[in-house]
Amino acid sequence: MTVEGSLVPEGTEWVPAGIDVNRPSSARVYDYFLGGAHNFAVDRQLADQIASMTPNIGETMRSNRVFLRRAVRYLAGQGIRQFLDIGSGIPTAGNVHEIALDAAPGSTVVYVDIDPVAVEHSRAILAGVDGAGVICADVRDADRILAETGKLGLIDFERPVAVLLAGVLHFVPDGDGPGAAVAALRAALAPGSYLLISHATGDGQPPEVIEAQRLSARTGTEIALRTAAEITAYFDGFTLVEPGLVFIPRWRPDPQDPVDEHPERVGAYAGVARKG
Ligand SMILES: C[S@@+](CC[C@H](N)C(=O)[O-])C[C@H]1O[C@@H](n2cnc3c(N)ncnc32)[C@H](O)[C@@H]1O
């Protein structure tokens, strides 16, 4: 099978038509770091290059994923039954709908991603799963996400919703108005809703991280490292639940996820906040 002039190797039938397999994508680089199979040589090359400069990157990605699972369980425990997961990525073990349905049967989940590989693969995984849907959209276009989510009929914005923005806002440069997009999402939510964010930061990071950030530009979008204050501003009007915005491993760790003495090494913050 030929995709944009490249030979797609055997066993990669999951590749949607029109994908440029010669250009790395952040979703597939992340998939590779998590040990997934939905990535190409070009993604693995870039991931290896980033890893050689920031040896903790694999740990960061895994730590983010573990945080997401912990937080979804926490949110289910707070009574949340509707999840809007934006920048959801290529499905991997312990997806949000699996965690949510396990913790709170009857929950509904809408996945949103800009990457066609992530969207197609999510669609395949969700075939036959009640209460879960997927949309291909850009987090910068909050109005469209809200409208398309409404059309799916899976989320009622009159009731509390958890909006998950895990590892996605740092792909939106300042010039593209990430603050306005998040504000539009916050405004659409009913009291009792939650906003979850994990986000890369330069706080406490060595200079190699900045260089790796430049490399990330080859995935199409440079990663915007933001400070704790900048990330906290995305929660404007909401109340951060304990322990606030912290380096990812510090967010309500389970006993089996011990926090070492350098949680800042993951180079990313996490927080969950409630409306009203
Ligand atoms: C690092 S992965 C995070 C996946 C998952 N949320 C997690 O935390 O495990 C980032 C995802 O964000 C997606 N993404 C990047 N820019 C985006 C945008 N502007 N709108 C929507 N999704 C985007 C990428 O395609 C990728 O799947």
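The values are calculated or read from the model by the stated rules, or taken from the named source; none is laboratory data. If you're wondering where the values come from, they're calculated on a predicted model, not measured in any experiment. Every residue, glycine as well, gets a Cβ built from its backbone with ideal geometry; the counts of neighbours run over all protein chains shown. We work out accessible area using only protein heavy atoms, side chains counted, and drop any ligands, DNA or RNA first. Shrake-Rupley method; radii C 1.70, N 1.55, O 1.52, S 1.80 Å.
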Original post:
What's the center-to-center distance, using Cα atoms, between the stretch 20-80 and the stretch 189-253 in Å?
Top reply: 15
**OP:** Mind pulling up the Rg/Rh value for the stretch 57-275? Radius of gyration and Kirkwood radius, both on Cα.
**Re:** 0.93
Subject >> Over the chain: helical MRE at 222 nm, DSSP H runs n ≥ 4 each giving -39500 (n - 2.57), nearest 500 >> reply: -11000 deg cm²/dmol
Original post:
Percent antiparallel among DSSP beta bridges with both residues in the chain, to the nearest 5?
Top reply: 45
Original post:
Which helices pass in the chain if a helix is a full DSSP H run, must span at least 24 angstrom along its long axis by Cα, and must have mean Kyte-Doolittle hydropathy not below -0.5?
Top reply: 57-77
Original post:
In terms of solvent-accessible area of protein heavy atoms at a 1.4 angstrom probe, what is the ranking of K151, K275, highest value first?
Top reply: K151, K275
Original post:
What accessible area per residue, rounded to a whole number of Å², is obtained for the chain using a probe radius of 1.4 Å?
Top reply: 43
Original post:
Given charges of +1 on the Cβ of Lys and Arg and -1 on the Cβ of Asp and Glu, with all other atoms neutral, how large is the dipole of the stretch 57-275 about its Cα centre, in debye to the nearest 20?
Top reply: 420
Original post:
Sequence-distant or interchain residues sharing an amide H contact under 5 Å with G133, placed H: which?
Top reply: V109, V110, Y111
**OP:** Counting only C-alpha contacts under 8 Å and six or more residues apart, can you give the relative contact order of the chain as a whole percent?
**Re:** 18
